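Here the structure comes first, spelled out in structure tokens, and everything after it is commentary.
The values are calculated or read from the model by the stated rules, or taken from the named source; none is laboratory data. None of the values given here were measured: they were computed from a predicted structure. When we count neighbours, we look across all protein chains shown, and the Cβ atoms used for this are built from the backbone with ideal geometry, even at glycine. Note: accessible area is taken over every heavy atom of the protein model, side chains too, but ligands, DNA and RNA are not part of it. Shrake-Rupley method; radii C 1.70, N 1.55, O 1.52, S 1.80 Å.
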Amino acid sequence: MWYPFRSLNAQGVSVPMASLATYLVTIAAGLTLFFKVYRRQFHFEPVLVLLTLLFGWCNFSYTMAVAEGHVMRVLLLFYLSPLWTALWSRLLLHEHLTGRGWAVVGLSLLGCGVFIYRPELFAGELPLTHRYEWLALSGGMAFALGNVISRRSHGIPVPVKSATVWFGVALIGAFSLLQSGDLPRMLEIPAESWLVLSILGVVLLCTSVVSQYGLSIMPATQAMTLMLMELVFAAVSAYLLAGEKMSLQEWLGGALIAGASLLSGGMSRPGSKPQPTP
């Protein structure tokens, strides 16, 4: 998915414009497809607002990052999600880390350290120097938190959870365009670009429904294991389509981060419910 967004950006259709257009298509298709479900099952819950913001930022920041920077650096920073999942699960679900869970945290931190290390760090420089790296990191944190909250919200139908992604990205895209004053430029998007955006919208509709269904029936940490295939496709596509290569240091750090994700299943156990204070 990174390649068409990067290509559109190079042709003058910015990421906020492409995100808004794509997810407007997704919203239209999704509301049409699941109209009966929404009419029968939808009822407003405050948690939907939070999921909309989290999943909206997760997808928007990820798209911005891959359009601007090195694809595999973006993905590997994003795939620190098991580390954030452990934190959010502990805080919100009162789950306790198992021995495997501590190993995941350790491997994630070690992999991140290897991945971002450079001598300038000892001179006080920030560990991440590019905007796209911070976008990827914040997107992974939002993804992990959204997964944990989605897992906690059993009573909300999958199509409704999926819609939080669509409306979230469209909302953030529109807000970004309003801030920059580029919202009127949506009318300047050429017809051939709208064709690509429409195809992307339908594909994203399918992926959001499938991913939300998967997250609704399995622990959030185990979902990361299955999603690791994204790293394989990203590495191959980035090499073939953009000529991007990773250094030995990046491969080593990436292997540690991927290894942490592979171990993420069973990294926590349910905690006891907090006792009410007298």
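Positive contributions from Lys and Arg (+1) and negative ones from Asp and Glu (-1), summed over other residues with Cβ under 12 Å from the Cβ of residue 42, come out at +3.
Sorted by accessible area (1.4 Å probe), largest first, how do 25, 74, 49 line up? Intermediate results must be reported in sequence, preceding the final value.
Working: 25 35, 74 0, 49 75 Å².
Putting 25, 74, 49 in descending order of accessible area: 49, 25, 74.
The translational diffusion coefficient of the stretch 56-119, from Stokes-Einstein at 10 °C and 1.306 mPa s with a Kirkwood hydrodynamic radius over alpha carbon pairs, comes to 120 µm²/s. Residue separation of residue 49 and residue 128 scaled by 0.36 nm, minus their Cα-Cα distance, works out to 25.4 nm of gained length.
Can you tell me the relative contact order of the stretch 1-156? Whole percent, Cα pairs under 8 Å, sequence separation 6 or more.
Reported as a whole number, the value is 34 percent.
Rounded to 0.05, the FRET efficiency of the residue 248 and residue 87 pair, given R0 = 30 Å and the Cβ-Cβ distance, is 0.50. Which parts of the stretch 24-50 would a label at residue 186 reach, counting a residue when its backbone N lies under 16 Å from a point 7 Å out along Cα-to-Cβ? Hits in the stretch 24-50 for residue 186 at 16 Å: 24-29.
Surface composition of the stretch 84-188: carbon plus sulfur atoms contribute 68% of the solvent-accessible area (1.4 Å probe, protein chains only, all chains present). Cα convex hull, the chain: 163 Å³ per residue, rounded to a whole number. Accessible surface calculations at 1.4 Å, restricted to protein heavy atoms, place the chain at 50 Å² per residue. Shown is the FRET efficiency for residue 178 and residue 37, computed with R0 = 30 Å from the Cβ-Cβ distance and rounded to the nearest 0.05: 0.45. Can you give the FRET efficiency to the nearest 0.05 for residue 203 and residue 94, using r as the Cβ-Cβ distance and R₀ = 45 Å? Efficiency, from the Cβ-Cβ distance: 0.75.
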